[in-house]
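Structure first, then comments.
The values are calculated or read from the model by the stated rules, or taken from the named source; none is laboratory data. A quick note: this is a predicted structure, and the numbers were derived from the prediction, not measured. All Cβ positions, glycine included, derive from the backbone under ideal geometry; neighbour counts span all protein chains shown.
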Amino acid sequence: MKSKVNVGVIFGGRSVENEISVLTAIQAMEAIDTTKYDVTPIYISKQGVWYTGEALRKSENYRDMDSLYARCEAVYLRPIYGDNNLYKVKRPLFGSDIVTSLDVILPALHGTNCEDGSFQGAIEMTGIPYAGCNVLASANGMDKITMKMILKESGIPVIDYTWFSDKEWFDNQQGVIERTEGKLQYPMIVKPADSGSSVGITAVHNREELVEAVDNAVSYSKRIIVERLVEKLKEINCSVLGNYYECEASVCEAPIRSGEILSYADKYLGGGAKGGAKGGVKQSQGMRSTVREIPANLPDEVTTFIRTTAVDTFKALACDGVSRIDFMIDEATGKIYVNEINTIPGSLSFYLWEATGVEFNELVERLIEIAFERKRDSSFKTTSYKENIFNYSSAASGAKGAKGAKR
């Protein structure tokens with residue numbers, strides 16, 4: 001008889017953040033209490049193929065992907081509601097093609113095609129409970145333009161910005177430049193609207209740099225956001241844990257950046273800043289590699305404002321699970337802005353919760369509990385009617401007359 005809950009930890013994906021996702025997943029799997037849970041690692045390759053196998057649990061195995069795949073089984077989930085089984089792609093001549101049955105899914109995915117609601121929508125089709133934000137919150141949280149629109153409407157402070165599409169840029173570059181310069185002054189910061197981990201993000205100080213930065217950003221996204229660059233910037237991050245109705249904030253951290261923006265290297269390779277990697281290549285440990293001040297050295301009233309606003313942001317976007325909200329403090333004016341939300345943060349922000357008094361295994365267990373709570377709550381909502389409208393003559397005649405109706 002099955003005694004332990006089987007947690008499918010899904011990671012990787014068709015995303016520029018694939019490797020960072022692997023690190024997050026390995027850290028999460030190491031934190032799961034195996035006396036309570038079984039763990040099934042499921043890796044989605046950069047080509048979109050799903051694999052499972054114990055070899056996926058060691059980061060050194062990802063140095064040779066062909067060798068790794070050879071030690072794993074290609075698998076898939078069926079988009080049939082109520083089917084929790086994980087199936088083998090290559091069905092055996094004898095025996096079952098079922099690898100295992102998943103009780104709950106813990107997504108450890110980052111970036112486009114993964115964190116943006118795409119994955120969540122696929123899992124919704126199966127009905128398997130999953131941790132973290134749902135489709136709507138994931139999509140809104142991933143798109144920096146939509147996110148800022150919602151937060152601004154909710155009275156949450158965001159930096160001045162403008163946006164445009166890649167097609168507008170290709171068709172009317174001069175017009176886009178003039179519109180951008182009319183709304184914002186240099187320096188600015190250019191970002192793909194739906195990327196993460198600082199990928200494709202560039203600070204610009206003149207028109208020539210703006211053109212170069214946008215040309216780079218459109219290779220990652222079809223929508224581009226340009227913001228006012230805060231020159232005297234202090235970045236603060238805060239995590240929120242719970243659901244869209246009841247949640248709490250962690251302590252705050254101040255990540256240390258090596259330049260004008262917090263770069264990919266700052267986050268995952270130590271950035272070359274004090275305490276970072278020197279004199280050679282240091283293997284990344286995900287967000288654990290970031291050089292940070294934790295708890296952040298802030299006045300009490302600033303800390304309170306940031307933690308309160310983090311919770312407000314989490315609720316405004318209808319989030320569940322654990323997220324990290326990144327803030328900007330303009331030290332020239334003292335103003336505080338929400339920069340962005342990460343609905344599946346790197347390393348699941350475990351370091352923020354450990355500093356708050358919640359151990360990593362407790363954090364993962366809470367995420368699993370929230371997944372089951374949301375599944376239970378959703379079971380009480382009406383999704384369809386028992387009545388079949390085609391059994392009523394008026395409906396049937398309406399259907400018949402729908403095509404080529406005559407008066």
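What the table shows:
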{"quantity": "Some residue of segment 352-374 being in contact with a strand residue (DSSP E or B) (Cβ under 7 Å, 6 or more places away or on another chain), polar (S, T, N, Q) and either modelled with pLDDT of 95 or more or not assigned by TED's automatic domain parsing to the domain that holds residue 123 (or both)", "calculated": "yes"}
{"quantity": "Near pairs, Cβ below 7 angstrom, 6+ apart or cross-chain, from segment 77-88 (closer than 17 Å to residue 120 by Cβ and in contact (Cβ under 8 Å) with a residue 40 or more places away in the chain) to any residue that is aliphatic (A, V, I, L, M) and surrounded by fewer than 18 Cβ atoms within 10 Å (Cβ to Cβ)", "calculated": "79/122; 79/125; 81/125"}
{"quantity": "Residue pairs meeting the criteria (Cβ under 7 Å; at least 6 apart or on separate chains; first within 26 Å of residue 330 (Cα to Cα) and surrounded by fewer than 20 Cβ atoms within 10 Å (Cβ to Cβ), in segment 235-251; second among the polar types (S, T, N, Q) and at pLDDT 95 or above)", "calculated": "251/356"}
{"quantity": "Any pair with Cβ under 6 angstrom, 6 or more apart, that starts in segment 364-387 at a residue that is under 21 Å from residue 240 (Cβ atoms) and ends at one that is part of a loop (DSSP other than H, G, I, E, B) and of a type in the set (Gly, Ala, Ser)", "calculated": "367/131; 371/131"}
{"quantity": "Index of the failed condition, residue 224 passing every other in (1) free of Cβ contacts under 8 Å to residues at least 60 places away in the same chain; (2) not assigned by TED's automatic domain parsing to the domain that holds residue 325", "calculated": "(1)"}
{"quantity": "Residue match in segment 31-38 (condition: within 30 Å of residue 220 (Cα to Cα) and touching a helix residue (DSSP H, G or I) at 6+ places or on another chain (Cβ under 9 Å))", "calculated": "no"}
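Results for (1) within 23 Å of the chain's Cα centre (by Cα); (2) among the aliphatic types (A, V, I, L, M); (3) buried (at least 23 other Cβ atoms within 10 Å of the Cβ), shown as yes or no for each residue.
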{"site": "110", "(1), (2), (3)": "yes, no, yes"}
{"site": "146", "(1), (2), (3)": "yes, no, no"}
{"site": "187", "(1), (2), (3)": "no, no, no"}
{"site": "198", "(1), (2), (3)": "yes, no, no"}
{"site": "204", "(1), (2), (3)": "no, yes, no"}
